[in-house]
Amino acid sequence: MRDTLWLIRKTFISTFKNYLNLFLYFVFPVMAILLATLVQGGSGEAKLRMGIVNHDGGQSITKGVMDTVGRQDSMLVSEIEELEIKELIASGELDAAIILPAGFAQSLIAGKPTNVKIVSIKGAQVTGHVKASLDQHINNMASIGQVAKGNEANFNALYKKFQESGFELSAEKVEDQSVNYNKTNQSIGYLLILMLVCASSLSGILIKERENRTYYRLLSSPINPRTYVLSNIIVNLTMMMLQIAVTLLIMINMFRIDPGIPYWSMFLILMLFALVAIGLSLVIVAFSSSSSAASGMQNMILIPSSLLAGCMFPIALMPATMQQLAHFLPQYWLLDTFSNLQQGVSMGELSLNLIILVAFAVALFLIAVYKFGRNNDTRSYI
């Protein structure tokens, strides 16, 4: 025990003689939170800027559809010409445009509405919302047209009654937490990358001390290889614990980001990933013959796997094949756990995710122990 404590103290001193390591552990995570805040930005209350092209003239029914869109709190509506659509959307002045075709009002009276065209370069995230807001109103008017059997006078009478038919609606405004959740997930994604890098950096001390012969001088004392490796794991785990605690405290208290998950739940789940990071770093050390080889393996494994798992940008933006490959990475399961907890899923329902993280950690540690045990040359640790 005395030997272990001495080795832990020695590792801490040798690690933090270089002040850049303090930046790596505690300053870079804060910068990552700041970056996530800038990337996600906004307050979650941004409105869609909509343009409406009316080819149906001054028809009162068509005007009613336009008014329905304009009354929505989530949209800012302006009437434009069709020639302006491409320029306004490309410049970012509009998010989407709705084109109401000629004869649109008559098609509603006939009960067979003409298709309304929606133009946007932002994909289904915008067009889906706009289409949903239009469909209900257009379908109601088409139903009235079917009852009126194409008679405009009957349609107008029924439509007037429809507009006058009142019903009580109680509404309560709730705060949109999507931006906070996105900032949290982005910050955690960056933190996972830093945890992997930091774990590899600390485990890399094992190789560096082997190269500069410090390892062999230590073994000439009563210290044995198992104690040497165990002390490195303890230091690594302690630094991971401090890094996670400081990052979460700064994210919640300084940046005022509400993750939607209790602090201690986040801490414990991230500690599971810390074990995975340490296990992976030991595997890299076990399979590396030099510092340069270890550095090369880190470059090939850490960043590409984090990118694929969705640490840098949402996994939903990736092709379906890439999304399936992400299931084989521990980063994916941690981010998926956080995302589900934010949606109100209980921890008990996510037990499979936690078991998978534990399984990754156990598997990596077993691989490292096996490889260390198979090393029969003078560079072996155990």
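The values are calculated or read from the model by the stated rules, or taken from the named source; none is laboratory data. Everything numeric here is computed off the predicted structure, so don't read it as measured data. Cβ placement follows ideal geometry from the backbone for every residue including glycine, while neighbour counts extend to all protein chains displayed. Side chains are part of the model used for accessible areas, which takes the heavy atoms of the whole protein and leaves out ligands, DNA and RNA. Shrake-Rupley method; radii C 1.70, N 1.55, O 1.52, S 1.80 Å.
A DSSP coil position with no more than 16 other Cβ atoms inside 10 Å describes the following chymotrypsin sites (Phe, Trp or Tyr not before Pro) in the stretch 305-337: 328.
Average accessible surface for the chain: 54 Å² per residue, computed with a 1.4 Å probe over protein heavy atoms with every protein chain in place. Membrane-span-like helices in the chain, defined purely by DSSP H runs whose alpha carbon atoms cover 20 Å or more axially and whose average Kyte-Doolittle hydropathy reaches 1.0, are 225-249, 263-286, 351-374. Measuring nothing but how far apart in sequence close Cα pairs (under 8 Å, 6+ apart) lie, relative to its length, the stretch 235-367 scores a relative contact order of 32 percent.
Would you work out if the stretch 241-329 is rounded, prolate or oblate? Take a ≥ b ≥ c from the square roots of the eigenvalues of the alpha-carbon gyration tensor; rounded if a/c is under 1.5, else prolate when a/b is larger than b/c, oblate otherwise. Taking the square roots of the gyration eigenvalues as a ≥ b ≥ c, the stretch 241-329 is oblate. Note on residue 117: lysines with a C-alpha under 28 Å away, same-chain residues under 8 apart excluded, are 47, 63, 86, 131, 149, 160.
May I ask you to derive the relative contact order of the chain, considering only C-alpha pairs under 8 Å and at least 6 residues apart, and to give it as an integer percent? Once normalised by length, the contact order is 17 percent. Surface composition of the chain: carbon and sulfur atoms hold 60% of the protein heavy-atom accessible area at a 1.4 Å probe. Of the three principal axes defined by the Cα atoms of the chain, the extents in descending order read 103, 40, 35 Å.
Amide H contacts of residue 49: 76, 95, 96, each under 5 Å away and 5 or more positions distant or on a separate chain (H built 1.01 Å from N in the peptide plane; Pro and chain starts excluded). Where both bridge residues fall in the chain, DSSP classifies roughly 25% of the beta bridges as antiparallel.
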